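Reviewing the structure listed below.
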Amino acid sequence: MTQFETVIGLEVHAQLKTKTKIFCGCSTEFGKDPNENVCEVCSGMPGVLPVLNEKVMEYAAKMGLATNCTVNQKSIFARKNYFYPDLPKGYQISQFDLPICEHGHLDITWEDDDGEKHEKRIGITRIHMEEDAGKNIHSVAENASFVDLNRTGVPLIEIVSDPDMRSADEAVAYLKGLRSILLYLGICDGNLEEGSFRCDANISVRPFGQKEFGTRAELKNINSFRNIHKAIRYEVARQIDLIEDGEKVRQETRLYDADKGTTHSMRGKEEAHDYRYYPDPDLVPLVIADEWLAEWQASLPELPAERKARFIDELSLSGDDAELISSEKDIADYFEAVLETHNEPKKVANWIKGDFLRELNQSEMTVADCKFKPEMMAKLIQLVDKDVISIKIGKDIFSDVFAEGLDPEKYVKDKGLVQISDSSSLEAVVDKVLADNPDEVEAFKGGKKKLMSFFMGQIMRETKGKANPGMVSKMISEKLS
């Protein structure tokens, strides 16, 4: 049976976090009433002139620098002509022959289905600036379609990869890596659901050993990493089934149906679009001064890969923990803020990756919205480390103190949860439990050491979980030795 190789290239659109649009002064604020953030320029009225937002140029160049691209100090805006209701001018201002950034790369790590770790370098063909289009809203009830132009003219960078990815796992790792860099740079909010970070995936398959690419299909506008992963895997399987059945893969644009877990045809796509690109006569070539480029390079923050390396080298975190915590800037910032009060990196990392992230995800809350501040997290961990409360009680109360942003120390005192570490008090409880369970005592002495957990459970029940487990375990061992 023929074995096939998957070939994936991704085109990522990232909306930039500027206050105003790319060529006019309209607000980019999301969620406003339809057609509220619109003026003569972004609605494409005759005779208007675009004026470039300087921040767009800066943000695009910084993304290029952060992904090892060459930043072209001269680039050109072009008109990309196509007609669609959400594009009032009949063309999109983009870049074609001379984009702002080219020839970069991103190093990724990912884990395959067998749990094996892999590393790979994915090439970045280009990064260019362009304006976003509006949004069509289709009403079945009214049997009508409407156009909201609020998004028209919102600044985008399009990041085009080389066709270097060979699996859905690689593609998702690459997308997560790009999103992480955008967040570290503070130039995009990375929100997939709102469409400020979205990708089109070009997918083809070919027999192993064949140099020529197969016919590709393009998947558009998938709004979660989970769905991107599922869509790519489905599309690969679909194309292989077609070829094995003696049919041909059509070059087309397809959409992913998350409910059904399938892709379906949106429109056919010819070998090349005739967008009739030509330099925009209203915008002069963009020339970036040496001092601007040097300033932007110097202002780059510590990026995810650098932070991960520092967490491993200086804080002795495992590679997995360092990658998990460093991948999201707000999580990494929170982690380091906790360390300022309680400098125990491994212990803090365990609480962050476990209880903290679980509560954050379940509450669908961002770190910025979280009431449980780093100093509170540090205080909770200190209460456990100093044996004021047991680890079990610490985890039991986490949901409550997290949700309301409560002082853990005050909460523990108010609820009477302080751990019992008084030896005489504990000894009385241990003696009672052992006296109440003579059969288990004899079995333990006879070699059934697993009964230790039984005794521990009984004692914790008697003390409502407040007994110091280390002291209890030692007492039981001494009394039954």
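The values are calculated or read from the model by the stated rules, or taken from the named source; none is laboratory data. Here the structure is a predicted model, which is why all the values come from computation and not from measurement. Heads up, the Cβs are rebuilt from the backbone with ideal geometry, glycines too, and the neighbour counts pull from every protein chain shown. For the accessible areas, the whole protein counts, side chains as well, though only heavy atoms, and no ligand, DNA or RNA atoms are used. Shrake-Rupley method; radii C 1.70, N 1.55, O 1.52, S 1.80 Å.
May I ask you to list the residues in the range 362-379 that are assigned to a helix (DSSP H, G or I), within 12 Å of residue 405 (Cβ to Cβ) and among the hydrophobic types (A, V, I, L, M, F, W, C)? 376, 377 - these are the residues of the range 362-379 that are assigned to a helix (DSSP H, G or I), within 12 Å of residue 405 (Cβ to Cβ) and among the hydrophobic types (A, V, I, L, M, F, W, C).
Among the candidates 300, 293, 315, single out the residue that is open to solvent by 30 Å² or more (accessible area, probe 1.4 Å), aliphatic (A, V, I, L, M) and closer than 19 Å to residue 182 by Cβ. Just a single option satisfies the conditions, and that option is 300. If you go through the range 370-384 one residue at a time, do you hit one that is charged (D, E, K, R) and under 23 Å from the mean Cα position of the chain (by Cα)? Yes, because at least one residue in the range 370-384 is charged (D, E, K, R) and under 23 Å from the mean Cα position of the chain (by Cα).
What's the number of the condition residue 83 fails, among (1) outside any helix (DSSP H, G or I); (2) surrounded by 15 or more Cβ atoms within 10 Å (Cβ to Cβ)? Condition (2) is where residue 83 drops out. Per this entry, residue 179 is counted among residues that are among the basic types (Lys, Arg) and either closer than 17 Å to residue 225 by Cα or crowded, with 20+ Cβ neighbours inside 10 Å (or both). For the range 124-239, the strands (runs of 3 or more DSSP E) that sit wholly inside it and include 1 or more residues that are among the small types (Gly, Ala, Ser), out of contact with any strand residue (DSSP E or B) (no Cβ under 6 Å at 6 or more places or on another chain) and without any contact (Cβ under 8 Å) to a residue 60 or more places away in the chain are 135-139, 144-148.
Considering only residues in the range 442-474 that are farther than 19 Å from residue 389 by Cβ and in contact (Cβ under 8 Å) with a residue 12 or more places away in the chain, the one that is surrounded by the fewest Cβ atoms within 10 Å (Cβ to Cβ) turns out to be 445.
Within the range 52-60, identify whether any single residue is over 20 Å from the mean Cα position of the chain (by Cα), crowded, with 20+ Cβ neighbours inside 10 Å and farther than 30 Å from residue 326 by Cα, and answer yes or no. Looking through the range 52-60, at least one residue is over 20 Å from the mean Cα position of the chain (by Cα), crowded, with 20+ Cβ neighbours inside 10 Å and farther than 30 Å from residue 326 by Cα. Flag: residue 46 does not match the condition of being buried (at least 16 other Cβ atoms within 10 Å of the Cβ) and farther than 30 Å from residue 172 by Cβ. Say we look at the range 279-306 and pick out the residues that are touching a residue at least 40 places away in the same chain (Cβ under 8 Å) and among the charged types (D, E, K, R); which of these is nearest to residue 336 (Cα to Cα)? Checking each candidate, the answer is 302. Within the range 61-77, the residues that satisfy the criterion of being within 18 Å of residue 291 (Cα to Cα) and in a strand (DSSP E or B) are 70, 71, 74, 75. Looking only at residues of the range 257-284 that are closer than 30 Å to residue 78 by Cβ, of a type outside the set (D, E, K, R) and modelled with pLDDT of 90 or more, we find that the one that is least open to solvent (accessible area, probe 1.4 Å) is 283. Inside the range 182-212, residues that are over 19 Å from residue 94 (Cβ atoms), surrounded by fewer than 22 Cβ atoms within 10 Å (Cβ to Cβ) and of a type in the set (A, V, I, L, M, F, W, C) make up a count of 4.
Filtered by the rule that a residue be over 15 Å from the mean Cα position of the chain (by Cα) and of a type in the set (Lys, Arg), the range 174-214 gives 206, 211. Among the numbered conditions (1) closer than 24 Å to residue 177 by Cα; (2) of a type in the set (A, V, I, L, M); (3) open to solvent by 10 Å² or more (accessible area, probe 1.4 Å), the only one that residue 38 does not meet is (1). Residue count for the range 90-147 under the criterion of being open to solvent by 30 Å² or more (accessible area, probe 1.4 Å), over 20 Å from the mean Cα position of the chain (by Cα) and polar (S, T, N, Q): the result is 4.
When residues in the range 43-84 are screened for being modelled with pLDDT of 95 or more and in contact with a Leu (Cβ under 8 Å, 6 or more places away or on another chain), 21 of them pass.
Residue by residue, here is whether (1) in contact with a helix residue (DSSP H, G or I) (Cβ under 9 Å, 6 or more places away or on another chain); (2) open to solvent by 60 Å² or more (accessible area, probe 1.4 Å); (3) more than 20 Å from residue 382 (Cβ to Cβ) holds:
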{"site": "310", "(1), (2), (3)": "yes, no, yes"}
{"site": "326", "(1), (2), (3)": "yes, no, yes"}
{"site": "335", "(1), (2), (3)": "yes, no, no"}
{"site": "338", "(1), (2), (3)": "yes, no, no"}
{"site": "344", "(1), (2), (3)": "yes, yes, no"}
{"site": "355", "(1), (2), (3)": "yes, no, no"}
{"site": "358", "(1), (2), (3)": "yes, yes, yes"}
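Among the conditions (1) aliphatic (A, V, I, L, M); (2) modelled with pLDDT under 85; (3) part of a helix (DSSP H, G or I), the only one that residue 459 does not satisfy is (2). Evaluation of residue 387 against the conditions (1) among the acidic types (Asp, Glu); (2) assigned to a loop (DSSP other than H, G, I, E, B); (3) in contact with a Phe, Trp or Tyr (Cβ under 9 Å, 6 or more places away or on another chain) shows that the sole unmet condition is (3). I need a count of the residues in the range 61-80 that are loosely packed, with under 15 Cβ neighbours inside 10 Å and within 24 Å of residue 147 (Cβ to Cβ). Number of matching residues: 0.
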